[in-house]
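Comments concern the structure below.
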Amino acid sequence: MLWSKLFIPTLREVPAEAEVASHQLLLRAGYIRQLSAGIYTFLYLAQRSLKKIQTIVRQEMDAMGAQEISCPALNPAEVWQESGRWDVMGDNLFRFKDRFGRDMCLAMTHEEVITVTARGELRSYKQLPQVWYQLQTKFRDEPRPKSGLLRVREFMMKDSYSFDMDQAGLDAVYDKHYKTYCRIFDRCGLEYTAVDAHSGAMGGSQSHEFMVASDAGEDFVARCPGCGYSANLEKAISIPAAPAADDPAGDLTPEEFPTPGQKTIAELAAFTGLPETSQMKSLVVVADGKPALILVRGDHQLSETKAGAILNDPEFRPARPDEIRQWFGADAGSLGPVAVKDVPIFADRALVGRRNMIAGANKNDAHLRHVTLGEDFQAELHDVRQVVAGDACTRCGAKLEVIKCVEIAHIFKLGYKYSEPMGLRVLNAEGKEVTPIMGSYGIGIGRILSGVIELHHDKDGMILPPSIAPFEVVVTPANNADAAQMDTARAIYEECLGLGIDALLDDRDERPGVKFKDADLIGVPFRVVVGKKLAQGLVELVERKTRTAADVASAEAPRAVLARLGR
RNA sequence: CGGGGCGUGGCUCAGCCUGGCUAGAGCGCCUGGUUCGGGACCAGGAGGUCGGUGGUUCGAAUCCACUCGCCCCGACCA
């Protein structure tokens, strides 16, 4: 391609609306333009790059035996009503009515469509297992689109769906996806972590997320540098740091003491002279319309996801001040578990074995000392605390780190969540009707590109790996007015094309500085500069990533590029 | 949905508080010339309903009300 003929609208300045690096660079490098919040046009460079990512995805999916299909983005409400997700998805589903007033939506994912299709066609165990995948645009009415391509309302996803006769089959295809995804992300040049994840609205038993570390992310991952354990913070477990002070020994009885105005754990620690680890934090929540008291160590945070699970209501909420006063006879800040009746108590496991701690007295401006779980009150024990950096790994004892991540893929063992209610049945070898077990496996294509840019960029622009860069090499004559340079550059460019290299010739009538800056910005991995040294028959081969330059004979340049590409 | 910020040529922004004559700068763009190894220089030029609507006023980019859009934080989140 000749740069002079292409539309690559690079920007010298950072557009005001872009905050995160990948967003800024995608705009500056002329890859994308925004149409509306969370809706983007992919210009030529983005399209080339995304197509390369899609090709990698297709090759690897095909290699694992999956079959590519295409599903309608436009769905009638009925299929979503059948699975129950018409209601569950709430405002995140783009909904509208067609001209006859029928409820419709834009699919945000395709479990429903896939299941409806399968139930009409799959009849026998002989047809299983099946893995179908699609690479399509999906829609989600995000309450807050942000960060360029990281959180958008219209996006390209690879989704695959598996049907198996039994759990063992599902386990196998799940594992196959896991390995295939690793290959895909490796080829895209992504450093990623696969983590244990929470299934959320998808349902199902097991799930993994593929995460890329980035400050632009919205998920937190706990990771062990020692043994490789990693999990979404929503699910992560750890051994908490030891209490900062030893508990008073002995079988002491709770004893009230005045704590005027001391409400927060920090204030109480300062007031009593006992560290936060000696306090019991009492949280009142409302789950399914009923109150519950949750206790964690003073310095610990409640994990809302874990709490939602044990309360059996992911939609639980903190109690309002008036509710707290009604149930406990005191305000938040003086609450505790002793003598509480008619409200179930859940205690975090970090409180087990502790003695004579401080807790609220359920009386304003008063607390109790010498409160012991199991003696002075009873509670159901669960892991409800959120892991923090520095906690010890439960497997190897090393200190866990907590990192911010972008989720680029998520795989789920769905189980029978869709096949059962939607009536997907096949006959087994005994002629009995059975329900196939399903899995679903998604990859965000745009997030791969954004993730790579987040990971690999510098002040001058993107640093893309050859596998997904829009071009592999750009040939740059330093001075267009110099016919010898121009001719040589053209010859090198054409020979590169002949060798199957994705080459770009920067034939623009621009000063060399402009061409170099633009080449750096759009992230082309290699550059061949045809300049003054041509007099000695030499051109320069520059690697974008390392900025190292090497002189090579101009006739050797195309081969040298090919070698650097590892081909 | 709650909180905050911003809408002025293609991009980045000034002007607004304290209303006043043809609305500015830099970058980009066009023409000509000189240049040519890290976003050149000179000369000339094109390009703006000041987001929209309504109001106040002799007069509104500027003040007021409403509204639309975008960004950020939170809520939310395959």
field: Failed item, numbered, when A:ILE69 is tested on (1) under 21 Å from the mean Cα position of the chain (by Cα); (2) surrounded by fewer than 17 Cβ atoms within 10 Å (Cβ to Cβ); (3) of a type in the set (Val, Ile, Thr)
entry: (1)
In segment A:1-58, the residues that are closer than 24 Å to A:ILE501 by Cα, within 15 Å of RNA strand B (Cβ to nearest atom) and over 26 Å from the mean Cα position of the chain (by Cα): A:TRP3, A:SER4, A:LYS5, A:LEU6, A:PHE7, A:ILE8, A:PRO9, A:THR10
task: With respect to A:ALA481, determine if the residue is within 9 Å of RNA strand B (Cβ to nearest atom) and either more than 29 Å from A:PHE42 (Cβ to Cβ) or in a loop (DSSP other than H, G, I, E, B) (or both).
output: yes
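Residue-wise test of (1) under 21 Å from A:ALA66 (Cα atoms); (2) assigned to a strand (DSSP E or B); (3) more than 16 Å from RNA strand B (Cβ to nearest atom).
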| site | (1), (2), (3) |
| --- | --- |
| A:THR180 | yes, no, yes |
| A:GLU191 | no, no, yes |
| A:VAL212 | no, yes, no |
| A:CYS227 | no, no, yes |
| A:ALA245 | no, no, yes |
task: Evaluate the following for A:PHE163: is it touching a residue at least 60 places away in the same chain (Cβ under 8 Å) and closer than 30 Å to A:THR435 by Cβ?
output: yes
- prompt: What are the pairs, 6+ residues apart or on separate chains, where a residue within segment A:49-61 that is of a type in the set (S, T, N, Q) has its Cβ under 9 Å from a residue that is assigned to a helix (DSSP H, G or I) and surrounded by fewer than 20 Cβ atoms within 10 Å (Cβ to Cβ)?
  reply: A:GLN59/A:ARG187
message: Suppose the filter is farther than 29 Å from A:GLU510 by Cα and either β-branched (Val, Ile, Thr) or in the same structural domain as A:GLY446 (by TED's automatic domain parsing) (or both); does A:VAL14 pass it?
response: no
- line: A careful count of residues in segment A:1-19 that are within 19 Å of A:ASP215 (Cα to Cα) and either in contact with a Leu (Cβ under 6 Å, 6 or more places away or on another chain) or at pLDDT 95 or above (or both) gives 1
- request: Please specify each residue of segment A:223-239 satisfying the condition of being under 18 Å from the mean Cα position of the chain (by Cα), of a type outside the set (Asp, Glu) and within 18 Å of A:ALA307 (Cα to Cα).
  value: A:ALA231, A:ASN232, A:LEU233, A:LYS235, A:ALA236
- line: In segment A:486-512, anything within 16 Å of RNA strand B (Cβ to nearest atom), in a loop (DSSP other than H, G, I, E, B) and either under 25 Å from A:LYS52 (Cα atoms) or among the aliphatic types (A, V, I, L, M) (or both) is listed as A:ASP506, A:ASP507
- prompt: under 23 Å from A:LEU50 (Cβ atoms) and out of contact with any strand residue (DSSP E or B) (no Cβ under 9 Å at 6 or more places or on another chain), is that true of A:ARG151?
  reply: yes
- prompt: If you check every pair at least six apart or on different chains, which have Cβ atoms under 7 Å apart with a residue in segment A:9-24 that is closer than 21 Å to A:PHE516 by Cα first and a residue that is more than 7 Å from RNA strand B (Cβ to nearest atom) and of a type in the set (Ser, Thr, Tyr) second?
  reply: A:SER22/A:SER450
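The values are calculated or read from the model by the stated rules, or taken from the named source; none is laboratory data. All values derive from a computational prediction rather than experimental measurement. Cβ coordinates were reconstructed from backbone atoms using ideal geometry, including for glycine residues, and neighbour counts include every protein chain displayed.
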